[in-house]
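*Asks:* Take this structure first; my questions come after.
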Amino acid sequence: MTNNTIKQGVLFKGLSKKVIVTQFDQDHASSDGGAILLKACDEGLKLSESLAACLSDNRQQGKVKHSLQELFRQRMFSIACGYADTNDSARLAMDPVFKMMSDRDPVTGSALASQPTLSRFENKVRRADLLRMGETLADSVIERHKCRRKKTRLITIDLDPTVDPTHGSQQGSLFNGFYDTWCYLPLAGFLTFDREEEQYLFCYMLRPGHATAKQGCLGMLKRLVPKLRAAFPGARIRVRLDSGFSGAELYEFFETERLQYIVCMAKNKILCGLAEPVFEIVRADDQKDIRTVCYGEGLYRARSWSRKRRVIIKAEITTHPHRKPKENPRFLVTNIKGSAKYLYKKIYCARGDAENRIKELKGGLDIDRTSCTSFMANQLRVLLTGAAYVLFQELRLHAKGTCFARAQVSTLRLHLLKLGAWIESSVRRIVLHLPSSTVHAQDWQKIALSLGAVPG
């Protein structure tokens with residue numbers, strides 16, 4: 001049952017020569033008319049279909065009104081359009097665009113699922129289902145880029161932990177001393193192909209708040225690398241990680257699997273001693289009022305390592321007026337050929353863009369909105385949000401040649417999705433009447449044509 005009680009209008013006097021009246025009374029209209037682009041992206045990728053197929057359906061089929069695929073699509077598309085919680089579903093249940101994206105007639109089709117139904121959907125998920133969904137999400141992303149690329153020479157894997165503060169009694173919410181808060185500690189994974197700027201999300205794994213940075217990392221890579229090798233034979237695979245992932249077990253795995261790696265390391269007395277000759281060069285610089293940097297390298301073996309490995313050194317002295325100069329050493333362990341400066345500035349520092357992708361996931365899609373009590377339900381929310389982000393990345397691919405090719409999720413939603421629409425439905429076709437004054441109408445049409453639409 002939907003709530004359609006908001007009928008009373010309001011009057012504005014003095015804003016115009018005429019009295020302005022507003023009424024929420026247009027039944028066959030939507031504020032998300034442009035979201036049909038995401039539907040086209042989903043149809044091309046078959047993303048919601050493949051992910052929903054991972055879910056077990058133990059319901060009494062004679063009483064089922066909404067298939068798991070319909071429920072999955074409803075949540076994924078609503079998250080993409082900025083409705084992170086299921087609380088909005090009561091009013092969106094009769095939205096013609098959302099009904100259309102769930103393969104229902106926008107005018108005559110029955111209402112979409114209610115908030116209680118969606119809540120049960122989120123809380124009934126099983127661990128085995130989530131594992132299959134995580135694998136399927138990665139498979140879908142890999143298959144997509146395998147199909148679109150003729151030749152791939154280099155694939156870069158970036159893994160990065162992030163903090164997800166919690167404010168309730170969620171399962172797995174534990175205190176993390178480093179972040180000084182109760183939280184989850186998800187692990188995000190991205191793929192970059194050759195010299196492309198985009199880092200494509202393939203994994204977002206929810207973890208308890210006390211998890212270490214590298215918890216689950218090795219298992220993820222053991223599953224991922226064979227998939228990449230099968231899809232992109234001959235391509236080099238490179239892994240970039242920050243200092244929280246450093247460890248002998250990972251290095252041994254990289255070298256056994258013939259992977260390139262560049263990993264940040266926390267400083268210690270031996271490493272600082274190794275950096276001392278490089279700092280002597282920096283100290284010799286006469287320009288004490290600017291930041292001075294020098295790069296070097298050496299061989300280093302930690303007690304747990306089986307052998308010595310190449311270490312890149314960044315020796316930096318930062319000076320400020322009226323302050324004592326501060327030495328800031330940084331260390332990377334790597335097996336990649338190249339100069340120390342090139343490896344640090346051009347290869348390693350580029351991994352920092354993964355943090356921008358995580359900011360986009362949080363700020364644009366509220367992936368940290370893990371407000372369910374159940375840990376499994378929150379992991380499902382994270383996967384739903386990850387799927388929505390994959391659709392936005394697909395949208396950016398099809399926006400090539402427009403001003404939206406590098407646009408953030410929030411910008412894409414504002415200018416391409418949030419379009420007022422009045423919908424007509426007849427026997428043969430559905431017509432979305434979008435505003436003729438839409439600023440980016442030409443770009444919108446160009447993207448639609450790229451997604452398989454034809455001039456009509």
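The values are calculated or read from the model by the stated rules, or taken from the named source; none is laboratory data. As the structure is a computational prediction, the values presented were derived from the model and not from experiment. Cβ: placed from backbone, ideal geometry, glycine included. Neighbour counts: every protein chain shown.
*Asks:* I'd like to check something: does region 21-38 contain any residue that is surrounded by fewer than 14 Cβ atoms within 10 Å (Cβ to Cβ) and touching a strand residue (DSSP E or B) at 6+ places or on another chain (Cβ under 6 Å)?
*Replies:* Within region 21-38, one or more residues are surrounded by fewer than 14 Cβ atoms within 10 Å (Cβ to Cβ) and touching a strand residue (DSSP E or B) at 6+ places or on another chain (Cβ under 6 Å).
*Asks:* Then there is this: Do any helices (runs of 4 or more DSSP H) entirely within region 77-162 hold 2 or more residues that are of a type in the set (D, E, K, R) and over 30 Å from Phe254 (Cβ atoms), and if so, which?
*Replies:* 115-123
*Asks:* Return yes or no: is Leu92 among the aliphatic types (A, V, I, L, M), within 25 Å of Cys372 (Cα to Cα), surrounded by 20 or more Cβ atoms within 10 Å (Cβ to Cβ) and within 24 Å of the chain's Cα centre (by Cα)?
*Replies:* Against the criterion (among the aliphatic types (A, V, I, L, M), within 25 Å of Cys372 (Cα to Cα), surrounded by 20 or more Cβ atoms within 10 Å (Cβ to Cβ) and within 24 Å of the chain's Cα centre (by Cα)), Leu92 does not qualify.
*Asks:* Right, Ala35: small (Gly, Ala, Ser), more than 19 Å from the chain's Cα centre (by Cα), outside any loop (DSSP other than H, G, I, E, B) and more than 18 Å from Thr136 (Cα to Cα) or not?
*Replies:* So Ala35 fails the test.
*Asks:* Of the residues that make up region 68-81, is at least one surrounded by fewer than 23 Cβ atoms within 10 Å (Cβ to Cβ) and polar (S, T, N, Q)?
*Replies:* yes
*Asks:* Oh, and also: Of the numbered conditions (1) in a loop (DSSP other than H, G, I, E, B); (2) of a type in the set (A, V, I, L, M, F, W, C); (3) surrounded by fewer than 18 Cβ atoms within 10 Å (Cβ to Cβ), Ala350 satisfies every one except a single condition; which is it?
*Replies:* (1)
*Asks:* So which residues in region 218-244 are buried (at least 17 other Cβ atoms within 10 Å of the Cβ) and under 21 Å from Met376 (Cβ atoms), if there are any at all?
*Replies:* Met220
*Asks:* Find the strands (runs of 3 or more DSSP E) located wholly in region 252-332 whose residues include 3 or more that are more than 30 Å from Leu228 (Cβ to Cβ), and list them.
*Replies:* 292-300, 309-318
*Asks:* On to the next question. Select from region 426-456 the residues that are under 21 Å from Glu43 (Cα atoms) and small (Gly, Ala, Ser) and write down the one among them that is surrounded by the fewest Cβ atoms within 10 Å (Cβ to Cβ).
*Replies:* Out of the qualifying residues, it is Gly456.
*Asks:* So which of Ile36, Ile79 is over 14 Å from Leu380 (Cα atoms), touching a residue at least 24 places away in the same chain (Cβ under 8 Å) and of a type in the set (Val, Ile, Thr)?
*Replies:* Ile36
*Asks:* Residue check: is Val293 modelled with pLDDT of 95 or more and under 21 Å from Ala350 (Cβ atoms)?
*Replies:* no
*Asks:* Restricting to region 45-67, name every residue that is part of a helix (DSSP H, G or I) and surrounded by 12 or more Cβ atoms within 10 Å (Cβ to Cβ).
*Replies:* Leu45, Leu47, Ser48, Glu49, Ser50, Leu51, Ala52
*Asks:* Might you check whether a residue that is buried (at least 17 other Cβ atoms within 10 Å of the Cβ) and part of a loop (DSSP other than H, G, I, E, B) occurs anywhere in region 409-417?
*Replies:* Checked against the condition, which is being buried (at least 17 other Cβ atoms within 10 Å of the Cβ) and part of a loop (DSSP other than H, G, I, E, B), region 409-417 yields no hits at all.
*Asks:* Which members of region 333-347 meet the condition of being surrounded by fewer than 17 Cβ atoms within 10 Å (Cβ to Cβ) and assigned to a helix (DSSP H, G or I)?
*Replies:* Within region 333-347, Lys341, Tyr342, Lys345, Lys346 meet the criteria.
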